[in-house]
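Worksheet: one structure, shown below.
The values are calculated or read from the model by the stated rules, or taken from the named source; none is laboratory data. No experiment lies behind these values; they were computed from the predicted model shown. All Cβ positions, glycine included, derive from the backbone under ideal geometry; neighbour counts span all protein chains shown.
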Amino acid sequence: MAALEAFDFILFGGSGDLAMRKLLPALYYRHRDSSAHAAWRIVGTGRQPLSREEYLALALENCRLYVPVKDFSDSAWAAFAQRLDYLRLDANQEQDYQGLVEKLKDAGSRVRVFYLATAPSLFAGICASLGRAGLVTPDSRVVLEKPLGRDLASARRINEDVGAVFAEHQIFRIDHYLGKETVQNLIALRFGNVLFEPLWNRSWVHDVQITIAETVGVEGRGEFYDSTGALRDMVQNHLLQLLCIVAMEPPASIDADTMRDEKLKVLRALKPITGEDVAARTVRGQYRAGAIGHKPVPGYLEEEGIPAGSRTETFVAIKAELGNWRWAGVPFYLRTGKRMQDRLAEIVINFRGVPHPMLRASSGESASNRLVISLQPDEGLRLDLMAKVPGEGMHLQPIQLDVALSETYRTRQWDAYERLIMDVIHGKLTLFMRRDELDAAWLWLEPILNAWERGGQPLKSYPAGTWGPTASSALIARDGHAWREES
Ligand code: BG6
């Protein structure tokens, strides 16, 4: 495995949920699996007055929770812990940054990553203070966690403020969905094969469905979630980024700006959903009490930190369309929700039926070809085809070409954060959002957000443990289609 160059990783929100659940485990794996150990170190920062030992104990306790037992080794941990340090730092207190200056001095010209796993309201202040403390070197990079703003204006403000300290090539706006193995595989599938590209357009694609369904609720993040909602939490970033990868034109190369130029064209081609269209093309839902499997779970309004009578959506379905030659008239159905029946993230490409159905299917109706790209729970690809029923006569039945990536590649799959953190360290921006992409995504979402806020779309209730409100099935059924699990 590759050696890592020296770097300093400064983690704001160092004792927070993301740091403990994802970032430190990702760095632990990179430490464990790197062949040569350069001098890299991690400084967690936060307002909590923790000693280094207390921070290490907290990190260890969490890594034991989030790293599977078979991957955890005491000796690897002991060496990893040598890299870990903690600094009590209140992001709003200018003088606290002197502690960081002290810690980082004598590091030479190594790469410096400032990872902001904090509330976005702190981004501007942290960057300004880093700048004033002279901590931003030419080899520094800043990583911004989503959500970046609440709307176009606030996102632009954050970008302006961060941009006053860091150049655009130093800013890594993270969307961890772009780091998932299957999303990269979608790029490989589309641009590493000749098979799909001729079919990848309105002539042969009937509709596209992108689903990110979760069984979890708000998981102790009630306050954050209630002021955010599913549209900002999942659609503005993850779902739109997946849509971009499905719909983009073949880029000339995978260098960052070439790829991002193509994604931007997709975002700009999204047909605005305004006025009466908002009611016709969007569904917003909120879960009530129900059961996941057989386990009863409370409704959203009963979750901790949710204000009485909250109207925040935990489910969204949207019928999107792209106004360009390749995709005109092809619906892109997007759907995401909490407390749904199964944990499932997938992209479904439904192809058109055969133009002249001269062969009969055994069930009477011939199924169309379908490509399913699964991101979760298992990563894989499945192609539905029609084949002959064995024996006499010429009747067809559906068969599947199924590739489970975990069986094809028996090595451990990297977590999205592992890959993305390594890209940050190596300065690779391809899988990070550029500022204009973010603007374009907000521009498209704003009319929907505004109409919802004006009460232009009733909030539909759905029982936890289902596939969302019935209005979601109706949205797609109006076009004569069905979500994959319903068809
Ligand atoms: C995050 C959202 O970006 O993605 C969470 O803020 C959501 O609400 C999570 O649960 C889902 O990520 P994954 O990788 O578990 O599907």
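In the range 458-472, the qualifying residues are those that are closer than 30 Å to G353 by Cβ and under 24 Å from the mean Cα position of the chain (by Cα), and the one that is surrounded by the most Cβ atoms within 10 Å (Cβ to Cβ) is G468. Counting the residues of the range 434-457 that are surrounded by 14 or more Cβ atoms within 10 Å (Cβ to Cβ) and either without any contact (Cβ under 8 Å) to a residue 24 or more places away in the chain or among the acidic types (D, E) (or both) gives 4. Scanning the range 244-260 for residues that are more than 16 Å from the ligand (Cβ to nearest atom) and surrounded by 17 or more Cβ atoms within 10 Å (Cβ to Cβ) returns C244, V246, A247, M248, P251, A256, M259, R260.
Close contacts from the range 201-219, counting a first residue that is more than 30 Å from V354 (Cβ to Cβ) and a second that is in a loop (DSSP other than H, G, I, E, B) and of a type in the set (A, V, I, L, M, F, W, C), with Cβ to Cβ under 9 Å and a gap of 6+ residues or different chains, come to A213/W467; T215/A464; G217/A464; V218/I306.
Residues that are assigned to a loop (DSSP other than H, G, I, E, B) and touching a Lys or Arg at 6+ places or on another chain (Cβ under 8 Å) were ranked within the range 430-457; the one that is farthest from E168 (Cα to Cα) is Q457.
Residue under question is I425, and the condition is that it be surrounded by 15 or more Cβ atoms within 10 Å (Cβ to Cβ) and either under 17 Å from the mean Cα position of the chain (by Cα) or among the basic types (K, R) (or both); does it hold? No: the conditions fail for I425. A residue that is closer than 18 Å to E214 by Cα and touching a residue at least 60 places away in the same chain (Cβ under 8 Å) can be found somewhere in the range 303-312.
Checked against the criterion of being crowded, with 19+ Cβ neighbours inside 10 Å and hydroxyl-bearing (S, T, Y), the candidates S362, S366, S374, S406 yield just one match: S374. Summed over the range 103-142, residues that are touching a strand residue (DSSP E or B) at 6+ places or on another chain (Cβ under 9 Å) and not hydrophobic (A, V, I, L, M, F, W, C) total 10.
Scanning the range 119-136 for residues that are at pLDDT below 95 and either over 32 Å from the mean Cα position of the chain (by Cα) or among the polar types (S, T, N, Q) (or both) yields a single hit, S121.
The rows are residues; the columns are (1) away from the ligand (no atom under 15 Å from the Cβ); (2) part of a strand (DSSP E or B).
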position: P296; (1), (2): yes, yes
position: G305; (1), (2): no, no
position: A317; (1), (2): yes, yes
position: R326; (1), (2): yes, no
position: G329; (1), (2): yes, no
position: Y333; (1), (2): yes, yes
position: D342; (1), (2): no, no
position: I347; (1), (2): no, yes
position: G353; (1), (2): yes, no
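Restricting attention to the range 273-294, which residues are out of contact with any strand residue (DSSP E or B) (no Cβ under 6 Å at 6 or more places or on another chain) and not in a strand (DSSP E or B)? Those that are out of contact with any strand residue (DSSP E or B) (no Cβ under 6 Å at 6 or more places or on another chain) and not in a strand (DSSP E or B): I273, T274, G275, E276, D277, V278, A279, A280, A289, G293, H294. Restricting the range 51-64 to residues that are over 31 Å from the mean Cα position of the chain (by Cα) and farther than 15 Å from I10 by Cα, the residue that is surrounded by the most Cβ atoms within 10 Å (Cβ to Cβ) is E54. Applying the condition of being charged (D, E, K, R) and closer than 26 Å to W200 by Cβ to the range 360-411 and asking which residue is farthest from the ligand (Cβ to nearest atom) yields E365. Taking the criterion of being over 28 Å from P331 (Cα atoms) and near the ligand (Cβ under 10 Å from one of its atoms), the only residue of the range 225-243 that qualifies is Y225.
Take the residues in the range 406-420 that are closer than 15 Å to V67 by Cβ and touching a Phe, Trp or Tyr at 6+ places or on another chain (Cβ under 9 Å); name whichever of them is modelled with the lowest pLDDT. By that ranking, first place goes to R412. Only one entry in D415, D384, D402, D378 is on the phi < 0 side of the Ramachandran plot and in contact with a Pro (Cβ under 6 Å, 6 or more places away or on another chain), namely D384. Put simply, of R284, R339 the only residue that is in contact (Cβ under 8 Å) with a residue 40 or more places away in the chain, under 29 Å from K265 (Cβ atoms) and either touching a Gly at 6+ places or on another chain (Cβ under 6 Å) or buried (at least 16 other Cβ atoms within 10 Å of the Cβ) (or both) is R284. Within the range 180-199, residues that are within 21 Å of L240 (Cα to Cα) reach partners that are of a type in the set (D, E) and within 16 Å of the ligand (Cβ to nearest atom) with beta carbons closer than 8 Å, at six or more positions or on different chains, in the pairs K180/E379; E181/E379; T182/E379; N185/E379.
Of the helices (runs of 4 or more DSSP H) that lie entirely inside the range 113-224, those containing 2 or more residues that are within 16 Å of the ligand (Cβ to nearest atom) and under 25 Å from E5 (Cβ atoms) span 181-191.
Give the range 256-276 a look and list any residue that's more than 11 Å from M433 (Cα to Cα) and of a type in the set (G, A, S), or say none. Answer for the range 256-276, where residues must be more than 11 Å from M433 (Cα to Cα) and of a type in the set (G, A, S): A269, G275. I'd like to check something: does the range 65-72 contain any residue that is among the aromatic types (F, W, Y), surrounded by 15 or more Cβ atoms within 10 Å (Cβ to Cβ) and either at pLDDT below 95 or within 24 Å of G179 (Cβ to Cβ) (or both)? Yes, the conditions are met somewhere in the range 65-72.
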